[in-house]
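Before any comments, here is the structure.
The values are calculated or read from the model by the stated rules, or taken from the named source; none is laboratory data. Owing to the predicted nature of the structure, the values given are computational and were not obtained by experimental measurement. Cβ coordinates were reconstructed from backbone atoms using ideal geometry, including for glycine residues, and neighbour counts include every protein chain displayed.
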Amino acid sequence: PPVMLVELLVQAACVSLFLPGGQGRVYPGRKKPASFAVERRRMGPHVCFSGFGSGCCPGWMLAPGSGQCTLPLCSFGCGSGFCIAPNLCSCPDGEQGITCPEPPGTCGEYGCDLTCNHGGCQEVARVCPLGFSMVETANGIRCTDIDECLSAACEGLCVNTEGGFVCECGPGMQLSADRHSCQDVNECRRPGERHACQHACHNTPGSYLCSCRPGYRLSGDRVSC
């Protein structure tokens with residue numbers, strides 16, 4: 001008797017007829033991807049189906065080991081909290097949001113803050129405050145004061161301070177607006193100083209001199225005639 005083999009694929013992808021002594025005729029139909037049978041077997045929560053099979057719904061991913069779509073995705077990271085639903089974080093303070101603020105950390109005695117960018121900590125360099133340098137000691141790294149007077153351009157006297165320095169000027173001089181250079185004080189124009197000389201006052205760098213009118217001479221106090 002004639003032998004007929006009919007092959008039916010799921011959802012009628014195609015039908016093939018094999019007849020004795022002749023060529024089989026193929027009737028074209030919609031063909032599913034080879035992975036369809038595997039994709040259809042994905043079960044569990046947060047599974048979405050489409051014309052090409054099934055997969056995790058948007059905002060979810062496969063949890064390692066389980067093969068199920070139970071791991072939520074938070075696009076901005078959760079910082080100090082954890083992701084509980086797509087783009088929803090649970091924060092240590094009990095609040096919920098698209099991300100959690102990262103609590104400031106410290107680098108011990110150096111006082112520098114740890115900053116985090118969407119859940120991932122950025123590289124933080126240990127630095128000392130302005131006017132201090134980092135020095136390795138037997139007890140670890142310390143911040144020690146820099147003696148700026150070793151290289152400061154003070155025209156007069158340099159006084160080192162904690163974390164900085166101050167320039168000072170000697171008698172008869174005053175500090176300029178640039179806080180580095182010194183300028184002469186004209187004592188002959190200052191109230192009180194001018195009358196120290198009985199006759200005439202002559203300003204000199206950092207000081208002054210008195211002189212007397214003709215017929216007089218300067219006494220031992222250098223001001224009276």
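Descriptive notes on the structure:
- Of residues in region 133-160 being touching a helix residue (DSSP H, G or I) at 6+ places or on another chain (Cβ under 9 Å) and β-branched (Val, Ile, Thr), the one farthest from HIS202 (Cα to Cα): ILE141
- Any hit, region 187-197, residues being in contact with a strand residue (DSSP E or B) (Cβ under 6 Å, 6 or more places away or on another chain), of a type in the set (A, V, I, L, M) and in contact (Cβ under 8 Å) with a residue 12 or more places away in the chain: no
- Any hit, region 142-163, residues being outside any loop (DSSP other than H, G, I, E, B), exposed (fewer than 11 other Cβ atoms within 10 Å of the Cβ) and free of Cβ contacts under 8 Å to residues at least 40 places away in the same chain: yes
- Region 68-79 - residue that is without any contact (Cβ under 8 Å) to a residue 24 or more places away in the chain and either surrounded by 16 or more Cβ atoms within 10 Å (Cβ to Cβ) or of a type in the set (Gly, Ala, Ser) (or both) and, of those, nearest to SER54 (Cα to Cα): PRO72
So that you can scan it fast, the table gives a plain yes or no per residue for (1) β-branched (Val, Ile, Thr); (2) within 30 Å of GLY97 (Cβ to Cβ); (3) at pLDDT below 85:
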position	(1), (2), (3)
CYS116	no, yes, yes
PHE132	no, no, yes
ASN139	no, no, yes
SER151	no, no, yes
VAL159	yes, no, no
HIS199	no, no, no
HIS202	no, no, no
TYR216	no, no, no
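- If you go through region 44-101 and keep only what is part of a loop (DSSP other than H, G, I, E, B) and aliphatic (A, V, I, L, M), you end up with LEU62, ALA63, LEU73, ILE98.
- Residue within region 171-179 that is modelled with pLDDT under 85, out of contact with any Cys (no Cβ under 7 Å at 6 or more places or on another chain) and not aromatic (Phe, Trp, Tyr) present: no
- Residues of region 161-182 that are touching an Asp or Glu at 6+ places or on another chain (Cβ under 9 Å) and under 15 Å from GLY206 (Cβ atoms): CYS169, GLY172, MET173, GLN174, LEU175, SER176, SER181, CYS182.
- When residues in region 169-182 are screened for being in a strand (DSSP E or B) and surrounded by fewer than 13 Cβ atoms within 10 Å (Cβ to Cβ), 1 of them pass.
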